[in-house]
Amino acid sequence: IRESFQVFSPRPYGVEREQALFLAAGEPNTLDPARWQGGADSVIGDLYSGLVKLTPDLQVIPDLAESWTVSPDGTVYTFHLRQGVTFHDGKPLTAADVKYSWERACDPATNSDTAETYLGDIVGVAEVVTGDETEIRGVKVIDDYTIEVTLDEAKAYFPYKLAYVTSWIVDSETIDEIEEAPNGTGPFKMIKHDEEELMILARNENYYRGFVSLEYVVYLIYQGPSIRLYEAGDIDLVYVDEELAERAEDPLDPLFGNLQTARELCTTYVIFDNTQPPFDELEVREAFAKAIDRDRYNDVVTDGQGVIANGLYPPGLPGYNQDVRGIPFDPDQARAALASSSYGGAEGLPEIVLTTQGEGGDLYPSDAILLQMWEEVLGVKVVVEQINYESYLDEIYAGNHGQIIPLGWCADYPDPENFADFLFHSGADQNLAGYSNPDLDVLLEEARSMADVGERLALYQEIEQIIIDELPVAFLAHSRPYYLITKPYVDGYRTSPIGASQLMNVSIDRDE
């Protein structure tokens, strides 16, 4: 009887545990790259790929394109595609698929919130986005493996934009099934998706960058707090705060594993709608900004672990200047600025509404401390309007908000243009402050095409100071450090300031 017993490896969800990476996840709103709004370090980066990709250390490297050249004036990019690349179903990839994918992303019917942002530098994209044209004039298929892209002007950061998910390549022949059966060129393919429960991906045996070590990736959807799942051995990596990080070093602790430090390129701020009274006056914006004690804000919101933001650019972003001249906390100057406004003080102000996420009246500590400081320093009681999480950004971008909006921005690619131009150019979709400075617009447009890196970053620092002084927003904090713990048998996973697809480089070695 004893000899008849056999030992089998566990097969959770029907996959071999030894060659499967288990991760916690939420249910994705879409599996369509054109409509994706998150980073590439998730299921979207497993299923799809683009002409270029971003490495964890923020370098742009060839992906579907094996190389590219740039014209002397910096406006024409010629991409040479890898030959022999196929979609998951075996269909060969050609340059026509690139053209199709970009035109589909820009088609108003696709309803992409990011197409114009990330492809808008290409000649003719604006006309496709508005529905006036169906083809992008600046995208030309030369042959099956060569595509030529013409920009409206030289922009050195353009390849970084192509590393974002919006421009990644989809299959025209299976596009109607993109949500149920996504057919990409990425290192993994979907084999099971039970909504609100799990997704199982299997390695793409024909992946063009070489052998993929992981046989499966399993995403557990909404199956409990990530820390508890990690402690129970149900997932293989988890992000934690500093207070939990030291537990990773104790072999007897359930959080034991390999520890890495991470920090996102993010800045938190509070927006003053410059188009709505009273924040159409600089003196009022100055009063509210100088009433904010950032040290106190940091203590309340991050237990003193955050990085106080004096300016727009976060540490680690090219152009970051630790000596930038921020707006000081000064109650006397705050009250004086409000008194010098046309409102003459707190009594003359109209009702001021802060629009934030939430429901039921419970406020985030970050919102509550701002309200408290404005009331203490200025004698202004700000009214709170809450919008549920699912609808919040849609309502904000539709203009359905009060005069104050707490928000933040994280880099999609490591360039100051992604902050300054995206958020504060008069024509930017993300310019929720309604801020307009024609002189600043000229500088922003000049910085886009400057070839000299040193001069360009110096100009972005000048731009940053103008934004700080004119106060379309008040900067609050940059991302606090956090920590990644991976199981000891997981090799090759690296933290990154910007989400980068990298599971094709990860392996499991249980013999360590």
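The values are calculated or read from the model by the stated rules, or taken from the named source; none is laboratory data. Being a predicted model, the structure only gives us computed values, none of them experimental. Here the Cβ positions follow ideal geometry from the backbone for every residue, glycine too, while neighbour counts run over all protein chains shown. Ligands, DNA and RNA are stripped out before the accessible areas are found, and what is left, the full protein with its side chains, is counted by its heavy atoms. Shrake-Rupley method; radii C 1.70, N 1.55, O 1.52, S 1.80 Å.
Results, tabulated for the structure shown:
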| read-out | value |
| --- | --- |
| Accessible area (Å², per residue) of region 268-332, counting only protein heavy atoms and a probe of 1.4 Å | 41 |
| Per-residue [θ]222 nm for the chain (sum of -39500 (n - 2.57) over DSSP H runs n ≥ 4, rounded to 500) | -7000 deg cm²/dmol |
| Calculated FRET value between GLU242 and GLU135, using beta carbons and R₀ = 45 Å, to 0.05 | 0.30 |
| Within the accessible area of region 108-177 (1.4 Å probe), percent carbon and sulfur | 40 |
| All-pairs Cα distance distribution in region 291-381, expressed in whole percent, bin size 10 Å | 14, 36, 35, 15, 1 |
| Convex hull (Cα only) mean projected area of region 150-302, reported in nm² to one decimal | 16.9 |
| Size of electric dipole in the chain: Cβ of Lys, Arg +1 and of Asp, Glu -1, about Cα centre, debye, nearest 20 | 1040 |
| Accessible surface, per residue, of region 21-141 when the full set of protein chains is kept, probe 1.4 Å, Å² | 38 |
| Intensity falloff of region 174-257 expressed as log10 I(q)/I(0), Debye formula with alpha-carbon point scatterers, at q = 0.13, 0.15, 0.16, 0.17 Å⁻¹ | -0.59, -0.73, -0.79, -0.84 |
| Debye intensity ratio in log₁₀ form over the Cα atoms of the chain, taken at each q of 0.08 Å⁻¹ | -0.57 |
| The chain: relative contact order as a whole-number percent, Cα under 8 Å and 6+ apart | 21 |
| Sulfur and carbon atoms: percent of accessible area, region 330-418 [1.4 Å] | 47 |
| Compactness index (Cα Rg / 2.2 N^0.38 Å), region 252-322 | 1.57 |
| Calculated FRET value between ALA428 and ASP250, using beta carbons and R₀ = 56 Å, to 0.05 | 0.70 |
| Amide H contacts of ILE308 (H built 1.01 Å from N, under 5 Å, at least 5 apart or other chain) | HIS478 |
